[in-house]
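Chemist: First, the structure itself, so that you have it in front of you.
Every number in this text was worked out from the coordinates using simple rules, so none of it is lab data. Note that the structure is a prediction, hence the values are computed from the model and not measured. Cβ placement follows ideal geometry from the backbone for every residue including glycine, while neighbour counts extend to all protein chains displayed.
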2 protein chains.
Amino acid sequence: MSELSGANTAQEAVSAGVLDLFGLLAYAELVAFFRLSGDAALAPSLAEKAALGEMAVAEFGHFVLLRERIAGLNAEPDQAMLPFVAPLDAFHARTAPSDWLEGLVKAYVGDGIAADFYRAIAELLDPQSRALVLEVLADTGHAEFVVPRVRAAIEQDPPTAGRLALWARRLVGEALAQAHRVAADRAPLAALLVSRGTAAGGPQGDIGRMFARLTDAHDQRMTALGLADWERAQQEETR
Amino acid sequence: MSELSGANTAQEAVSAGVLDLFGLLAYAELVAFFRLSGDAALAPSLAEKAALGEMAVAEFGHFVLLRERIAGLNAEPDQAMLPFVAPLDAFHARTAPSDWLEGLVKAYVGDGIAADFYRAIAELLDPQSRALVLEVLADTGHAEFVVPRVRAAIEQDPPTAGRLALWARRLVGEALAQAHRVAADRAPLAALLVSRGTAAGGPQGDIGRMFARLTDAHDQRMTALGLADWERAQQEETR
């Protein structure tokens, strides 16, 4: 009897964690929609405005999917999103791009590391939930759009690389700070992450491997943008 | 022979006018998307953010339809939109809402009068073009969303009515100024409007009737918002 109720409690904790994850992702997608459409309004050409608008609309579609799933779990979507409004708004307020290029790097590097993190959590979920998370995290064309534009800007004006590389560092630092805040405030979500570690034989090693994978993927994006060379040159200098 | 080539020229003029109209509408829808998503980011609740986001996405869908039709006419969508970027941007720069309520009134009153005007032009078009214009002008839920919110705000704070009524006047004034500018700059579009008048037996009377209809519909929207009473009281005072 006590074992059974223990199993139920663990099950409930995981469900609360899944609901937290969906609420977080739903608000993240809604904000991504606002941010991309805001960036689109600043795009230099009509064709770029339209292309970014299309990506924004795709993010809104993801938001709608998540909202439906939350409602399907008999939860109130607004309530599920509410705990994540302050940390996500704080992240975006602290990383407001000062120009078009910073916006592009944020859309690719910032959203990229967030998506990798969510995907890592998704591995723990039931197949239906995992499929939903992978669907809403599918790239909506960011990489293809951002990479050639940033590379062209650096080619035209090489010092841009340094500015954008520092900007990317700040994005990652702010993202980690807010992720910490969320993990500290939201026990169900933190439990989901720890249960994943436990299942794989010890939380430390597993979380460590997850961070190693996130870092690798981030480095690949920095290389794609042409920002990794600047990072390496900096490291040589300070050695 | 000369009659035939005359007919061809008239046909070409109408086609150029239709292309102008599609270009104007396409850019108007793209801007409506940016504006609504910008307003949505400022909405007081998550549910309202989502509702306005949905309307914005619907406007983007209209933009995509128009862009496809322009491409189908073997024209370059960006080129077709370009002549209307400056006047529409000027209108929006001169009527940037200073708060949420002004944004709501702009979305309903401003877009309403613009839509009535485009619908009036659409009556002249071939059935396929007319159907497209009517489709992209279909109300995406503005009225239902805006009217109860503005009425509730006025009920809570009656002096708001005066401020919003003056705001609505300014919107109409700025819209007419930019419409004049467009008509003066774009001969094909102006020709479309005049050909309509000529077909109905004299441009003056027909354009006059069109403006009377636009004014009636505008008055109905002001009444729906609860702003017409304030207008009437003002007129009594100044009599």
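Chemist: Segment B:80-142: D in µm²/s via Stokes-Einstein (Kirkwood Rh, Cα pairs, 20 °C, 1.002 mPa s)? Present the calculation step by step, with values, prior to reporting the outcome.
Modeler: Working: Rh = 13.3 Å.
Approximately 161 µm²/s, per Stokes-Einstein.
Chemist: I would also like to ask the following. Counting C-alpha atoms alone, how compact is segment A:34-103: give Rg to one decimal and Dmax as a whole number, in angstrom.
Modeler: Spelled out, the Cα radius of gyration and Dmax of segment A:34-103 are 14.8, 44 Å.
Chemist: Oh, and also: Computed over the Cα atoms of chain A, what is the ratio Rg over Rh, Rh following Kirkwood?
Modeler: Values: Rg = 19.0 Å, Rh = 19.0 Å.
The Rg/Rh ratio comes out at 1.00.
Chemist: Moving to a separate point now. Quick one: label points 7 angstrom along Cα→Cβ at B:LEU73, distances to the other copies in nm, smallest first?
Modeler: Its label point is 4.9 nm from the equivalent points in the other copies.
Chemist: For segment B:3-134, build the charge dipole from Cβ charges (+1 Lys, Arg; -1 Asp, Glu) around the Cα centre, then report which of B:PHE60, B:ALA41, B:PRO87 sits farthest towards its positive end.
Modeler: Of B:PHE60, B:ALA41, B:PRO87, it is B:ALA41.
Chemist: Once every DSSP H run of n ≥ 4 in the protein assembly as shown is given -39500 (n - 2.57) and the sum is divided by its residues, what mean residue ellipticity at 222 nm do you get, rounded to the nearest 500 deg cm²/dmol? All intermediate terms of the calculation are to be shown ahead of the outcome.
Modeler: On the way: 24 runs with 396 residues, N = 478.
It lands at -27500 deg cm²/dmol.
Chemist: Quick one: Cα centre-to-centre distance for segment B:35-63 and segment A:60-138, in angstrom?
Modeler: Result: 18 Å between the Cα centres.
Chemist: At B:ASP99, label 7 Å along Cα→Cβ: distances to the other copies, nm, ascending?
Modeler: Taking the point 7 Å beyond Cα along Cα→Cβ, the inter-copy spacings are 3.7 nm.
Chemist: Separate question: Could you work out, residue by residue across B:62-73, how many beta carbons of other chains sit within 10 Å of that residue's beta carbon, and then give the average as an integer? Numbers along the way, then the final one.
Modeler: On the way: counts 0, 5, 4, 0, 0, 2, 0, 0, 0, 0, 0, 0.
Taking the mean over all residues of the peptide, I get 1.
Chemist: Now a separate question. Could you give the size of the charge dipole of chain A about its Cα centre, using +1 on the Cβ of each K and R and -1 on the Cβ of each D and E, expressed in debye and rounded to the nearest 20? Don't skip to the answer; put the middle values down first.
Modeler: Details: 21 positive and 32 negative charges, 68 e Å.
Once rounded to the nearest 20, the dipole reads 320 debye.
Chemist: When you look at the Cβ of every residue in A:32-43, what mean number of other chain Cβ atoms sits within 10 Å?
Modeler: Values: counts 0, 8, 8, 2, 1, 12, 4, 0, 5, 7, 1, 0.
Partner Cβ neighbours, averaged per residue: 4.
Chemist: Between A:ASP157 and the same site in the other copies, what are the distances in nm, shortest first, taking label points 7 Å from Cα along the C-beta direction?
Modeler: 4.2
Chemist: Mind checking which of B:SER15, B:SER129, B:SER98 has the largest fluctuation in a GNM of chain B, springs on alpha carbons under 10 Å?
Modeler: B:SER98
Chemist: By a straight-distance test (C-alpha under 22 Å), which lysines pair with A:LYS106 as possible cross-link partners, with residues fewer than eight away in the same chain excluded?
Modeler: A:LYS49
Chemist: Under unit Cβ charges (Lys, Arg +1; Asp, Glu -1), what dipole magnitude, rounded to 20 debye, does segment B:98-239 have relative to its Cα centre? Before the final figure, lay out each step's value.
Modeler: Values: 16 positive and 20 negative charges, 69 e Å.
Roughly 340 debye, rounded to the nearest 20.
Chemist: Name the residue, out of B:LEU225, B:LEU24, B:LEU73, whose mean-square fluctuation peaks in a Gaussian network model built on chain B with Cα pairs under 10 Å.
Modeler: Looking only at B:LEU225, B:LEU24, B:LEU73, the largest GNM fluctuation is found for B:LEU73.
Chemist: Give me the net charge of A:VAL31's neighbourhood, meaning all other residues with Cβ under 10 Å from the Cβ of A:VAL31; Lys, Arg count +1, Asp, Glu -1.
Modeler: On the way: positive: A:ARG35, B:LYS49; negative: A:GLU29, A:GLU59, A:ASP89.
Once positives and negatives cancel, what remains is -1.
Chemist: What number, in percent, do you get for the relative contact order of segment A:72-157 if the mean sequence gap of Cα pairs under 8 Å and at least 6 apart is divided by its residue count? Show your work: numbers first, answer last.
Modeler: Working: 23 pairs, mean separation 22.7, N = 86.
The value is 26 percent.
Chemist: Another one. Do you know the relative contact order of chain A, to the nearest whole percent, from alpha carbon pairs under 8 angstrom that are 6+ apart? Display every interim value, and only then the final one.
Modeler: Values: 212 pairs, mean separation 59.3, N = 239.
25 percent.
Chemist: Are there any GluC sites (Glu not before Pro) in segment B:56-144 that are in a DSSP loop and have at most 13 other Cβ atoms within 10 Å? List them by number. Intermediate values should be presented prior to the final figure.
Modeler: Working: sites: B:GLU59, B:GLU68, B:GLU102, B:GLU123, B:GLU135, B:GLU144; in loops: B:GLU123.
Here the GluC sites (Glu not before Pro) that fit, given the DSSP loop and packing criteria, are B:GLU123.
Chemist: Something else: Could you give the length gained by full extension between B:ALA143 and B:ARG94, i.e. 0.36 nm per residue of separation minus their alpha carbon distance, to one decimal place? Let's see the in-between values first.
Modeler: Numbers: separation 49, 0.36 × 49 = 17.64 nm, distance 2.31 nm.
Full-extension gain reported as 15.3 nm.
Chemist: Direction-averaged shadow area of the convex hull around the Cα atoms of segment B:113-154, nm²?
Modeler: Numbers: hull surface 13.0 nm².
Here the figure is 3.2 nm², rounded to one decimal.
Chemist: For segment A:53-173, what is the charge dipole size about the Cα centre, in debye to the nearest 20, if Lys and Arg each add +1 at the Cβ and Asp and Glu each add -1 at the Cβ? Could the numbers behind the result be given before it?
Modeler: Values: 11 positive and 17 negative charges, 79 e Å.
My answer is approximately 380 debye.
Chemist: Okay, next question. What is the spin-label model distance, in nm, from A:ARG181 to B:HIS180 if the labels are put 7 Å beyond Cα along the C-beta direction?
Modeler: Using points 7 Å along Cα→Cβ, the separation is 5.0 nm.
Chemist: More than 28 Å apart: what percent of Cα pairs in the protein assembly as shown qualify?
Modeler: Numbers: 68926 of 114003 pairs.
Counting every Cα pair in the protein assembly as shown, those more than 28 Å apart make up 60 percent.
Chemist: Would you look at the GNM of chain B, springs on alpha carbons closer than 10 Å, and say which of B:GLN128, B:GLN178, B:GLN79 moves the most?
Modeler: With Cα springs under 10 Å in chain B, the top fluctuation among B:GLN128, B:GLN178, B:GLN79 is at B:GLN128.
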